[in-house]
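Inspection log for the structure reproduced underneath, given as structure tokens.
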Amino acid sequence: MTNTMQMTRRTMLTGAAVAGALTPIIVASTAAHADDHAAPAELKGAKKVDLSKLAREKVELVKPPFVHAHDQKAKGGPKIKEFTLTIEEKKMVLDKDGTEVNAMTFNGSVPGPLMVVHQDDYVELTLINPETNTMQHNIDFHAATGGLGGGALTVVNPGESTVLRFKATKAGVFVYHCAPPGMVPWHVTSGMNGAIMVLPREGLTDGHGKPLVYDKVYYVGEQDFYIPRDETGKFKKYESPGEAYEDTVAVMKTLTPTHIVFNGAVGALTGDNAMTAKVGETVLIIHSQANRDTRPHLIGGHGEYVWATGKFANVPDIDQETWFIPGGTAGAAIYTFAQPGIYAYVNHNLIEAFELGAAAHFKVTGDWNDDLMTSVKSPQAS
Ligand SMILES: [Cu+2]
């Protein structure tokens, strides 16, 4: 490692270069943890819990929009589900013009992978911050209880790793994101967010006793990016996240994203990358936005069962045209496709969808249902 790199890294880790007007929120509790690996203050007085009798299951995560294989109905009692997330700082291309972002990611993708467990399972996460990274990171699970969602116990410098365990007590889809002292919104809007789905042990229901079973599940992570421009209006490129920091925060403070994309880039889920289904298949769509409000809409279809704020103990809304997901939330919607064709799935702020990138496609195959729709007279001169 060069001296310059070390200096950059040290400067970053102290937060001096990046704190700006942002408030470091957990310095006291995490400093001791990061420096000497003593038991974090949060755990003082805790009675040890014996989970040695619980079964363990190691889960291999997959890149969104795909989701790792899982049972919809839990088999047996609660388990300890083991996951690993490796933090990767990397340049990513956002659009066909080659606009770059110095992204910070969980497992190399934006969003990070969807994890699936059942209510009352334990999530045991190994979080790795490789030596090759330049920044301090951690993870805050909205599904977890206490310790800043785990953020207080997981601050890792480059070259460190940590293991967090929490009990998934609430059913639903929940955002997770990086939340390092003094740098929270920058890390979140640089791509460090994803979601976890905590299924009810009996699986999903309509809230009135009818089981809801899906054939497929897709995970769409919506991301707002704030890319600085030069004097001529062209998007700037930087060597490292640290170098981009100051200009990026200036753009962030305008609250005006330059890109709003699904799964990391304009077109990441359209055309050849479209999500697929067959007529008659029931699809569960998980949609997260860790920072900003959004309003998903399936053009030509519906949200037949929608948990807009994603929490499965609530009765889902029926037959929605558009649903509202507040920033910092993951939502879930179920639809059984009834017609073939290309369906655009968009953020129905249509400027955000068509001009900034927040759009995906479902490519649905099968037979057309003339009863649902037909052309009585094709467009022609009247
Ligand atoms: Cu981070």
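The values are calculated or read from the model by the stated rules, or taken from the named source; none is laboratory data. Everything numeric here is computed off the predicted structure, so don't read it as measured data. Don't worry about glycine lacking a Cβ; one is built from the backbone with ideal geometry, like all the others, and counts go over all protein chains shown. When the accessible area is computed, the model is the full protein with side chains, heavy atoms only, and any ligands, DNA or RNA have been set aside. Shrake-Rupley method; radii C 1.70, N 1.55, O 1.52, S 1.80 Å.
Using packing as a proxy for protection, rank 124-130, 172-178, 98-104 so that the peptide with the highest average count of other Cβ atoms within 10 Å comes first.
Per-residue mean Cβ counts within 10 Å order the peptides as 172-178, 98-104, 124-130.
Which three extents, in angstrom, do the Cα atoms of the stretch 206-326 have along their principal axes, listed largest first?
Its Cα atoms span 58, 32, 24 Å along the three principal axes.
Can you list the aspartates and glutamates whose alpha carbon sits under 18 Å from that of Lys75, skipping same-chain ones fewer than 8 residues off?
Correct list for Lys75: Glu57, Asp120, Asp121, Glu202.
Accessible area of the chain with a 1.4 Å probe: how many percent of it is carbon plus sulfur?
54 percent
State the three equivalent ellipsoid semi-axes of the stretch 256-358, derived from the C-alpha gyration tensor as the square roots of 5 times its eigenvalues, in descending order and whole Å.
Semi-axis lengths for the stretch 256-358 are 21, 19, 11 Å.
Using only the alpha-carbon atoms, what does the stretch 139-180 span along each of its principal axes? Please give whole angstrom values in decreasing order.
Taking max minus min along each principal axis of the Cα atoms, the stretch 139-180 gives 34, 16, 13 Å.
Can you check how the C-alpha radius of gyration of the stretch 134-235 compares to 2.2 N^0.38 Å, as a plain ratio? Present the calculation step by step, with values, prior to reporting the outcome.
Values: Rg = 17.8 Å, N = 102, 2.2 N^0.38 = 12.8 Å.
With N residues counted in the stretch 134-235, Rg over 2.2 N^0.38 Å equals 1.40.
Along the three principal axes, how long is the stretch 36-140 when you take its alpha carbons, biggest first, rounded to the nearest angstrom?
For the stretch 36-140, the Cα extents along the three principal axes come out at 53, 41, 18 Å.
Given the protein chains as shown and a 1.4 Å probe, how many square angstrom of Thr276 are accessible, to the nearest 10?
Accessible area, nearest 10 Å²: 60 Å².
Over 37 Å, how big is the tail of the calculated P(r) for the chain, in percent of all Cα pairs?
Pairs farther apart than 37 Å: 23 percent.
Suppose all protein chains stay in the model; what accessible area per residue would a 1.4 Å probe give for the chain, in Å²?
46 Å²
Name the lysines eligible as straight-distance cross-link partners of Lys96: C-alpha to C-alpha under 30 Å, and not fewer than 8 places from it in the same chain.
Qualifying lysines at Cα under 30 Å: Lys63, Lys216, Lys234, Lys236, Lys237, Lys253, Lys278, Lys363.
Can you list the lysines whose alpha carbon is less than 16 Å from that of Lys79, not counting same-chain residues fewer than 8 positions off?
Lys53, Lys58, Lys167, Lys170
With every protein chain left in place and a probe of 1.4 Å, what is the accessible surface of Arg295, to the nearest 10 Å²?
The accessible area comes out at roughly 70 Å².
Using the Cα centre of the chain as the reference point, and only Cβ charges (+1 on K/R, -1 on D/E), how large is the resulting charge dipole? Debye, rounded to the nearest 20.
Charge dipole, the chain, about its Cα centre: 820 debye, nearest 20.
Tell me the Rg and the Dmax, in Å, that the Cα atoms of the stretch 63-222 produce.
That works out to 16.4, 51 Å for Rg and Dmax.
In 5 Å bins starting at zero, report the fraction of Cα pairs in the stretch 89-147 per bin as a rounded %.
Binned Cα distances yield the sequence 4, 12, 21, 21, 16, 12, 8, 4, 2, 0.
Would you rank Ser378, Ser109 by solvent-accessible area, highest first, keeping every protein chain in place and using a 1.4 Å probe? Can you show the working numbers first?
Numbers: Ser378 65, Ser109 10 Å².
My answer, sorted largest first, is Ser378, Ser109.
So which residue, out of Lys236, Lys81, Lys53, gets the largest mean-square fluctuation from a GNM of the chain using Cα contacts under 10 Å as springs?
Greatest mean-square fluctuation among the candidates belongs to Lys53.
Can you give me the convex hull volume of the Cα atoms of the stretch 320-382, divided per residue and expressed in Å³?
154 Å³
Cα convex hull of the stretch 193-241: how many Å³ per residue?
149 Å³
Of Gly151, Gln136, Tyr214, whose Cα points farthest to the positive end of the dipole of the chain (charges on the beta-carbon: +1 Lys, Arg; -1 Asp, Glu; origin at the Cα centre)?
Farthest along the dipole direction, towards plus: Gly151.
With springs connecting C-alpha atoms under 10 Å apart, model the chain as a Gaussian network and identify which of Thr336, Thr232, Thr154 has the largest mean-square fluctuation.
Of the options given, Thr232 has the highest mean-square fluctuation.
Which whole number in µm²/s is D for the stretch 202-272 by Stokes-Einstein, with the Kirkwood Rh taken over Cα pairs at 25 °C and 0.890 mPa s?
157 µm²/s
Cα convex hull of the stretch 144-297: mean projected area in nm², to one decimal?
13.0 nm²
Thinking of the stretch 250-298 as a set of Cα atoms, what percent of all their pairs are more than 12 Å apart?
76 percent
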